[in-house]
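The values are calculated or read from the model by the stated rules, or taken from the named source; none is laboratory data. None of these values were measured; they are calculated from a predicted model. When we count neighbours, we look across all protein chains shown, and the Cβ atoms used for this are built from the backbone with ideal geometry, even at glycine. Note: accessible area is taken over every heavy atom of the protein model, side chains too, but ligands, DNA and RNA are not part of it. Shrake-Rupley method; radii C 1.70, N 1.55, O 1.52, S 1.80 Å.
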Amino acid sequence: MSIHQEDFRRVTTQRLLEMKMRKEKISMITAYDYTMGSIVDQGGVDIVLVGDSASNVMCGNSTTLPITLDQMIFLAKSVVRGVRRALVVVDMPFGTYQGNSKEALSSAIRIMKETHGDCLKLEGGEEIIESVKRVLSAGIPVMGHLGLMPQSINKYGSYAVRAKEDNEAEKLVRDAHLLEDAGCFAIVLEKIPAKLAERVAKELSIPIIGIGAGGGVDGQVLVLHDMIGLTQDFSPRFLRRYANLQGIMNEAIEHYVADVKSGDFPNEKEQY
Ligand code: KIV
């Protein structure tokens, strides 16, 4: 457990609400496998997100669209085994909830039964509200996701900042209220103006977690591989890199290759 985190109780959606009420910021990081899930949990993070950004980061796709329900379930199962304290949120992948709320519920039930994750995240507002309500009606907690919604990239054609214009901003605020009224326990706001995100966080009583949405919200989320520098080709303004693990890994691997080539590895003590 992290030196900053002395509370060993499991994080629940209720505890996140209490954190918002006492103005304690919420930390959230992605993880896609057992080892990373366990490392971020031990670091004291409040929420671990099995994000569909795995499509980019783990599978090398250029968007989040190709990742499948089976693949998300495989990744989420592994993460859950590594997490003791944090709340585990699993992204519902593209195509499993958008058009049909019955299909949304059966996809949601599969994820919950097979992964043992705690809750689900869905992208969208009014357009998917029937799916959100149906998933909630089965007792499955839902986190919303508004602003830049990577599953809709083909509609917008770019990953630029969203809701800069008044009409888009007003729709976002309406959608946020709709999600809260439906019963979502939190909402991620991605890449929108900081003032707008702060307004949503003030108007809503559920926690608002930002990524590229400024500091006026209730918590922050980053993609693990970006914030520890395992990826280097993605550098938006909002990303703070806390380490350069790609550099460290490159050095370690080059060192190992050189040792194998020279016969230095293994030495006398490294054999039986
Ligand atoms: O999939 C993901 O990693 C996400 C975060 C960017 C919030 O949805």
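Of everything listed in (1) buried (at least 24 other Cβ atoms within 10 Å of the Cβ); (2) out of contact with any helix residue (DSSP H, G or I) (no Cβ under 7 Å at 6 or more places or on another chain); (3) of a type outside the set (Ser, Thr, Tyr), the single unmet condition for Met92 is (2).
Every residue, every condition in (1) within 16 Å of the ligand (Cβ to nearest atom); (2) out of contact with any Lys or Arg (no Cβ under 9 Å at 6 or more places or on another chain), yes or no:
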residue	(1), (2)
Leu87	yes, no
Met92	yes, no
Ser101	no, no
Met143	yes, no
Ala169	no, no
Phe185	yes, yes
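Set side by side, the residues Met1, Met28 differ, and just one is at pLDDT below 95 and either open to solvent by less than 70 Å² (accessible area, probe 1.4 Å) or touching a Gly at 6+ places or on another chain (Cβ under 8 Å) (or both), which is Met1. Within the option set Ser106, Ser152, Ser62, being within 13 Å of the ligand (Cβ to nearest atom), open to solvent by 10 Å² or more (accessible area, probe 1.4 Å) and modelled with pLDDT of 95 or more holds for one residue only, Ser152. Mind listing whichever residues of the stretch 49-59 are in a loop (DSSP other than H, G, I, E, B) and either surrounded by 19 or more Cβ atoms within 10 Å (Cβ to Cβ) or near the ligand (Cβ under 6 Å from one of its atoms) (or both)? Matches in the stretch 49-59: Gly51, Asp52, Ser53. Residues considered: Met249, Met227. Of these, the only one that is touching a Leu at 6+ places or on another chain (Cβ under 8 Å) and either within 15 Å of Thr30 (Cα to Cα) or within 14 Å of the ligand (Cβ to nearest atom) (or both) is Met227.
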